[in-house]
Every structure is written in C-alpha cells, then in structure tokens.
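The values are calculated or read from the model by the stated rules, or taken from the named source; none is laboratory data. Quick caveat: nothing in here was measured; it's all calculated off a predicted structure. Glycine also receives a Cβ, built like all others from the backbone with ideal geometry; neighbour counts cover every protein chain displayed.
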Amino acid sequence: MKEPVMELTETDIRYEFPVLRSYPDMVYLDSGATTQKPESVLRRIDRYYRLENANVHRGIHALGEAATEAYEGSRDRVFKFINASRREEIVFTGGTTDAINLVASGFRESLLKPGKKILLSGMEHHANLVPWQLAAQRSGAELDFIPVSDDGSLELEDLEARLNNKVAIVALTQVSNVLGTVNPIDRIIDTAHSMGIPVLIDAAQSISRIPVDVQQLKADFLVFSGHKVYGPTGTGVLYGREEWLDRLPPYRGGGDMIDTVDLHTSTWNTLPYKFEAGTPNISGAAGLGAALEWLDRRDVRRVGEHEELLTEILRSRLEELSWIKMLPAPEGARTGLVSFTIDGIHHYDAAQVLDKKGFALRSGHHCAQPLHRRFGLEGSLRASFGAYNRESEIDRLLDALHDTRRFLS
Ligand code: PLP
C-alpha cells in the first residue's frame, strides 16, 4: 500500500487544530459533517473582533474600511480559489443549504411553472432536495431524478432522454455525502449545456477535496459551506454565472441589497450585493477566507489525494470483515468517506459505543433518507476524513469495531 502523499509530519498538521490538540486520543472521523478549524482561521476571526470590528460598505472611517477590506478580501480569495471569471459572481451565504434555497426560490419565482422539470439525482443531500420540492410544489413544476445504480454511481445512460426542453435546471452533488461517489459533473454539464439547460453543483463535499475550477467546469451555479472546508459555521458561497445571477430576483429584502428605495418600490444593488441583504457575517467571511488560504497552503489536490488514499485503505480493511457491509461507491470515482453497517447491530448503538472509545463517527441517515432507502436501509455509520487523519487511526478504528461488535453481540 502506498504511503499518504502529504509530506507533512502528521503531528504538525494536527497541532494546528486546537480541538485535536485538546483531545489527543480522539479519532475524529466526522469531517463530512464539519471539519475542525485550524488556528489561523480562529485567529482571523478573533482579529476582526479585536481590531477591525465595524460594519461593511458604510463607514468612511478606518475601522469601517478595515472591516470592508476583511469582507471583500475574502470574496477575492473565494473568487481565486474556484477560478471564477468575475468577483461579482461570488455571493456570500449562510451555507450550502442557504445558497440552494436562494437559487431554488429564484427559479420558482421567475423560471418554473407547470410543465417544467427540475432534474436532481437519487443521491442528493436533503439540502439539494427539499428546497426543490418546495419550489416544485409552489410553482407546479415537477421533479425528476437520475437514478443511483447498484455500484453507487449515477445511471447516466439515459441522461440525454431525461434532458429535454422541459428541464429548467439540473442540480447535482459533485461528491455524495453518503457513498463518497465522485460524479462526472463535467460530462453532465456538457450534456445539459448542449440543450441549453443550466446546472447547479453542490460542492459541499468536494470543495475541500477536489480542485474546483468553475470556468473549466462551465458550472452555472456552484455552492458550498465554509464549515466543511476548515472555515466557520454560518458561512457559505453561491457562485453564479453573471448572466444567471442577473436573471434571478432578489432572495431577501433589506439594507445593502438596494439601490434606491421608495415607499412602495425599490431598485436593486449590483451583483453580488443584490443577494446580500442586511449586515453580513463579516467575521465568518474573514474566517472563510483564512480557511481557503490555509487549504491553498496545504494544496487541496494533495489533501484530496491523502483522503482518497485513506478511503481506499479503509474500504479494503472493511472488505475483509464478513459482518460489515459497505454502501457501494464506484472504484476509481470515490473519495473522502465510507458508510457501512454492522450485521445485527444498530448504527446508533455502534456509534455510541465507539464514542465511548474516543471515535467520532456519524450515525443515521446523514440527511439522505431516499438514498439509504434505495439500498434498503434506514441509516448507517459513516467515517469521513479530513486533512489531519492518518492511517494509524484506521488501524485503531478496526480494533474498535471488533470490540464494539463483541460488546453489542
Ligand atoms: N450538500 C451536501 C452534499 C452535504 O454533505 C451537506 C452537509 O452535510 C449539505 C449539502 C448541507 O450543508 P450545510 O448544512 O452546511 O448547509
């Protein structure tokens, strides 16, 4: 087996994370839910409140300028990180869920109607399903789904037949948060575009693992959460191609998103401010910028390779155990996480016993009930990796799984 490619001394990287430093014996395998935060992110947030605290885009005073610089500087960082063509295409949101709701609500108001379809897949997180359900119910449009095949990949054979002039938008995850499947989104985007259909990519699970270049992908919308990419909770990004953001109506009304306001009507600010009503999460944006800077230093490609390798090691180790069933993920197109069940043992009980032994794993449906049902399950255990995990933790997990089984059988 190859050794992880990152040339970091593993102790060093963990040392950057106060939570991992505080609990040196804990094995944190829940980065798919949220990553731990490095010191540089915490320090950046702290600096804003200590030295730069003011509102943005308002004060003609030094603090106001520092706050605006912190906020807009982070927008520049995001813009470069995903290689957008214009910084106006980067909208700060409260997270992936918030960003998808923004797009779904905009589509509902302006582009969806009876006879139109929204094409999703059978492996979406509830965040990329429920907002579209609401949009469909309220507009009269219909939902359609690309099915998930037995090997955990998307069934794309009849994609072209599904894509027709009724489809108003395709919204898909790049990496499944349950299977770890990496979907061929470039191919899907090309096919959708050949029929003039826009595509939204849910990059919540991919942004910390796969270099994302929105221009190369030709994504129309791409969304992610700060807290899954080593940044703070309550932050997120909606990237939208300018022509699409221009077409969507504002999502929330209030200060900052307007140009002129009359008692009865208003006109809207330019992009991206049209979608950023009210005082934004300035400290959060600053922290998100610091997180992307941290990941740039570590190199997202190398972090992704490291996590992919850990994923393969864990899968091969679990494969040897007849009493463990892994959820499928296609070989050569999976990363970051492994979901599994233990014969005769409820995932919740197993997670509790593992927790007592110092292992943080997710148990439940991971906000993807339809996908679990697709495989005849109500839930599973999920081990998901971050840049700080190491192979030795997989050895410890395997020992702990044997003990857990003995204890609960
Ligand atoms: N999409 C995917 C694939 C996810 O894994 C998650 C969170 O687990 C989300 C969307 C929702 O992210 P958030 O809760 O940060 O809005």
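Any idea which of (1) in the same structural domain as Thr233 (by TED's automatic domain parsing); (2) in contact with a Phe, Trp or Tyr (Cβ under 9 Å, 6 or more places away or on another chain) is the one Lys37 doesn't satisfy? Evaluating Lys37 over (1) in the same structural domain as Thr233 (by TED's automatic domain parsing); (2) in contact with a Phe, Trp or Tyr (Cβ under 9 Å, 6 or more places away or on another chain) leaves (1) as the failure. Of the helices (runs of 4 or more DSSP H) contained entirely in the stretch 281-370, those carrying at least 3 residues that are within 22 Å of the chain's Cα centre (by Cα) fall at 282-298, 300-319.
Going by the conditions given, is Leu292 in the same structural domain as Tyr230 (by TED's automatic domain parsing) and surrounded by 17 or more Cβ atoms within 10 Å (Cβ to Cβ)? Full working, then the answer.
Working: in the same structural domain as Tyr230 (by TED's automatic domain parsing): yes; surrounded by 17 or more Cβ atoms within 10 Å (Cβ to Cβ): yes.
Criteria met by Leu292.
Does Gly364 satisfy the criteria of being out of contact with any Pro (no Cβ under 8 Å at 6 or more places or on another chain), within 29 Å of Gly94 (Cβ to Cβ), free of Cβ contacts under 8 Å to residues at least 24 places away in the same chain and small (Gly, Ala, Ser)?
Values: out of contact with any Pro (no Cβ under 8 Å at 6 or more places or on another chain): yes; within 29 Å of Gly94 (Cβ to Cβ): yes; free of Cβ contacts under 8 Å to residues at least 24 places away in the same chain: yes; small (Gly, Ala, Ser): yes.
Yes.
Of the residues making up the stretch 302-361, those that are touching a Ser or Thr at 6+ places or on another chain (Cβ under 7 Å) and aromatic (Phe, Trp, Tyr) number 2. Screening the stretch 78-98 for residues that are within 16 Å of the ligand (Cβ to nearest atom) and of a type in the set (S, T, N, Q) and picking the one that is surrounded by the fewest Cβ atoms within 10 Å (Cβ to Cβ) gives Thr97.
Across the stretch 18-51, the qualifying residues are those that are without any contact (Cβ under 8 Å) to a residue 24 or more places away in the chain and part of a helix (DSSP H, G or I), and the one among them that is nearest to the ligand (Cβ to nearest atom) is Val19. Comparison of Ala141, Ala161 shows that the only residue that is among the small types (Gly, Ala, Ser) and more than 22 Å from Ala104 (Cα to Cα) is Ala161. The residue that is nearest to Gly376 (Cα to Cα), counting only those in the stretch 93-150 that are in a strand (DSSP E or B) and acidic (Asp, Glu), is Asp144.
Could you tell me whether any residue of the stretch 347-358 is over 30 Å from Ser121 (Cα atoms), aromatic (Phe, Trp, Tyr) and assigned by TED's automatic domain parsing to the domain that holds Asp25? No, that holds for no residue.
Here's the yes/no breakdown for (1) within 15 Å of the ligand (Cβ to nearest atom); (2) among the basic types (Lys, Arg); (3) farther than 27 Å from Arg75 by Cα; (4) in contact (Cβ under 8 Å) with a residue 12 or more places away in the chain:
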residue: Glu160; (1), (2), (3), (4): no, no, yes, yes
residue: Ile169; (1), (2), (3), (4): no, no, no, yes
residue: Asp186; (1), (2), (3), (4): no, no, no, yes
residue: Ala204; (1), (2), (3), (4): yes, no, no, yes
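All conditions but one from (1) without any contact (Cβ under 8 Å) to a residue 40 or more places away in the chain; (2) more than 17 Å from Asp220 (Cα to Cα); (3) more than 16 Å from the ligand (Cβ to nearest atom) apply to Arg75; the one that does not is (1).
Among the residues of the stretch 65-106, those that are out of contact with any helix residue (DSSP H, G or I) (no Cβ under 6 Å at 6 or more places or on another chain) and among the hydrophobic types (A, V, I, L, M, F, W, C) comprise Val78, Ala99, Leu102, Val103. The one condition from (1) more than 25 Å from the chain's Cα centre (by Cα); (2) within 16 Å of the ligand (Cβ to nearest atom) that Leu154 does not meet is (1).
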